[in-house]
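Comments concern the structure below.
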Amino acid sequence: MSPDLFKRKSGGVVSNEALQQRGKALETAIEHGGERLPASNVAVVRDLERKVAERSGIAGGRTVVALAGATGSGKSSLFNALVGEPVSRIGARRPTTSQAAAAVWGEDPSGPLLDWVGVGARHQVPLAAPTTGTLDGLVLLDLPDFDSNVIAHRHEADRVLKLSDVFIWVTDPQKYADAVLHDDYIRSMAGHAAVTIVVLNQIDRLSREAAKACIADLEKLLERDGLSGVKVLATSAAQGIGLDELRTTLGKVVAHRNAANQRLAADLRVQAVELRKHVADTEPELGRKTGDELTDALAKAAAVPVIGQAVERDYRQRAAAHGGWPFTRWANKLRPAPLSRLGLDKVASQLSRSEGQRALGRSSLPPASPAALAAVDLATRRLGERAAEGLPQPWADAVYDAASPQNDDLRDSLDQAVMGTKLRDRDPVWWTVFSMLQWLFAAIALAGLLWLLLLAGLGFAQIQLDVPTWGWIPIPVLMLAGGLLLGLLLAVLSRFLAAKGGRRRRAAAERRLRDAVSEVGEIKLVAPVRAVLAEHRATREALDQAAR
């Protein structure tokens, strides 16, 4: 990896503020995602958050660079060659390095940083060394082989790699295509291209043509791993080939003094991308058709058609009590009030909407039929299906749960919505007018009847009186017949007006009931579904921000 490539891939300096913003965005995504995100990924992010806080809290501008490679790649030799003296004594005593060793350039304190990394073997490069000026601020680590037969060695290498700022992957002509290097390390850390350097060591073992072919093949493998455009540095620790170029590259990285933030930002970005796989690209839109279908089903379950019919009959019955023939009104009182049979008479006449919602108990509405309940189940299922379309399974399950509340809770809410709905409007003026006219006509007919009875009594007593007439019709007969006829005609007109008004009152009551039922559906079903989709949107947007 060339110095210019490092600058280009780093995208400039990653400030502490930018790093905190990326971490905050990832934290926001986890808060909104909750249990809908894989617990294992969330645990990794939590560990990463602690790592970011700890690394950012260590003062100084040192850069930790790890030399990592397979057995026999010559890491320790390359380490000693860069240091300028045989520091890695562990390699001389054992076939492989068992513990990480550190070489430190410059005067800045490195103790707290190496304590955090967990490296005990430390070597201070003399300030008079030729490389001090170029590599001032560098902490170079020689790691155990990541393919060692000793499990503890592999674990040590993996542990230190997680805490390093920059990786130098050291390989050789024999193992440059090894699956462990590419599958377990380079490919899995392709998101860290900005802090990755690849070295092909022991290049002196190949001819010039073979070396070119080997380097070209390795670059192709790196591109396949996701490290496109990475230049392979060819070195030979034994012959000193390529060491100056490697030192120059390291000098550029150290001078940049931003590798730690670059590494941490890459870690956060990688985890954001990984979590992003568990979130859809968009959220489904809940169309109006879904709400209408749900309201229709809930209206049937809440017996809105039954209540509408009762409102119409109630209006007609009460209209008959005002405009019907007074001599037959008593018969209406023998019939039960339609709204009273449903337990809605007090709601209709006394309670406001808010008071009805606070009322205790239930109405006497008949329980929803199996067909109505099936319609509600179907509507809620379709709501869940539309809202869950295209979402990952955990999010879809959350949507289905939100769209499927407890039946008793929904029934209670629908019952309270019905009880809180105004079912009667103001009595029409014509009721009063017709009632007064009916009593007037009844009084006239009764007066005519009494007059005729009086005349019959006087006739029986052989007392003759002149009876006034209107034309040829006696006035008492006219009063009796006219009062009865006009009362009957007014009653017929009243029934016609009551039927027409009842239909209007039924339509108005059903509209209010549907609005109340729709509100229940919005609160109990649609709103929870929208809340899940809002959480999904917030998670997606936060992850997109963290993954930039």
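Of all DSSP bridge pairs formed entirely within the chain, close to 25 percent run antiparallel.
Grab the DSSP H runs of the chain that are 4 residues or longer, score each as -39,500 (n - 2.57), total them, divide by all residues and round the 222 nm result to the nearest 500 deg cm²/dmol. Can you show the working numbers first?
Details: 23 runs with 328 residues, N = 548.
Result for the chain: -19500 deg cm²/dmol, rounded to the nearest 500.
Kindly flag which residue pairs out of LYS24/LYS289; LYS300/LYS500; LYS212/LYS277; LYS75/LYS212; LYS24/LYS252 have an alpha-carbon separation exceeding 28 Å in this structure. Violating the 28 Å Cα-Cα cut-off are LYS24/LYS289; LYS212/LYS277; LYS24/LYS252.
For region 481-548, the square roots of the Cα gyration tensor eigenvalues, ordered a ≥ b ≥ c, give a/c of at least 1.5 with a/b greater than b/c, which places it in the prolate category. Evaluated at q = 0.16, 0.22, 0.24 Å⁻¹, the base-10 log of the normalised Debye intensity for region 422-530, with identical point scatterers placed on the Cα atoms, takes the values -0.84, -1.11, -1.19.
Among the DSSP beta bridges whose two residues both lie in region 62-253, what percent are antiparallel, rounded to the nearest 5? Beta bridges within region 62-253, antiparallel portion: roughly 20 percent.
For ALA337, no residue whose modelled amide H falls within less than 5 Å of its own remains once neighbours fewer than 5 places apart on the same chain are excluded. Per the Cα gyration tensor, region 440-490 maps to an equivalent ellipsoid with semi-axes of 23, 12, 6 Å, ordered largest to smallest.
Rounded to the nearest Hz, the phi-derived 3J(HN,Hα) couplings of region 495-510 under the Karplus curve 6.51 cos²θ - 1.76 cosθ + 1.60 (θ = phi - 60°) are 4, 5, 5, 5, 5, 5, x, x, 5, 5, 5, 5, 4, 5, 5, 5, where x marks glycine and proline. For region 288-547, the convex hull drawn through the C-alpha positions has a volume of 163 cubic angstrom per residue. Which one, ALA255, SER207, GLY502, is farthest towards the positive end of the dipole of the chain when Lys and Arg carry +1 and Asp and Glu -1 on their Cβ? Comparing the listed Cα positions along the dipole, GLY502 ranks first. Short-range pairs are left out: with C-alpha atoms under 8 Å and at least six residues apart, the relative contact order of region 431-548 is 27 percent.
As an exercise, take the mean of 1/r over every pair of distinct alpha carbons in region 30-151, invert it, and state the Kirkwood radius in angstroms.
Details: mean 1/r = 0.0611 Å⁻¹.
Kirkwood hydrodynamic radius for region 30-151: 16.4 Å.
Taking every C-alpha pair closer than 8 Å and separated by at least 6 residues, the mean separation divided by the residue count of the chain gives a relative contact order of 19 percent. Compute the separation of the alpha-carbon centres of region 384-419 and region 137-193 and state it in Å as a whole number. If you average the Cα positions of each part, the centres end up 50 Å apart. Name the residue farthest towards the positive end of the dipole of region 288-547 from the options PHE441, ILE473, ALA371, assuming +1 on Cβ of Lys and Arg, -1 on Cβ of Asp and Glu, about the Cα centre. The residue sitting most towards the positive pole is ILE473.
Bin by bin, in steps of 10 Å, what percent of the Cα pairs in region 62-253 do you find, going until the bin that has the longest distance? Per 10 Å bin, starting at zero, the Cα-Cα P(r) for region 62-253 comes out as 9, 39, 39, 12, 1 percent. Of PHE460, MET419, LEU488, which is farthest along the charge dipole of region 393-542 in the positive direction, counting Lys and Arg as +1 and Asp and Glu as -1 at C-beta? Towards the positive end, the residue furthest out is PHE460. Between the entries [x] 45.4, 160; [y] 37.4, 116; [z] 22.0, 67, the label attached to Rg and Dmax of the Cα atoms in Å calculated for this structure is [x]. For the chain, the dipole from Cβ point charges (+1 on Lys and Arg, -1 on Asp and Glu) about the Cα centre works out to 2320 debye, to the nearest 20.
Where a number appears in this text, it was derived from the coordinates with a stated rule and is not lab data. All values reported here derive from a predicted model rather than from experimental measurement. Note that each Cβ is placed from the backbone with ideal geometry, even for glycine, and that neighbours are counted across all protein chains shown.
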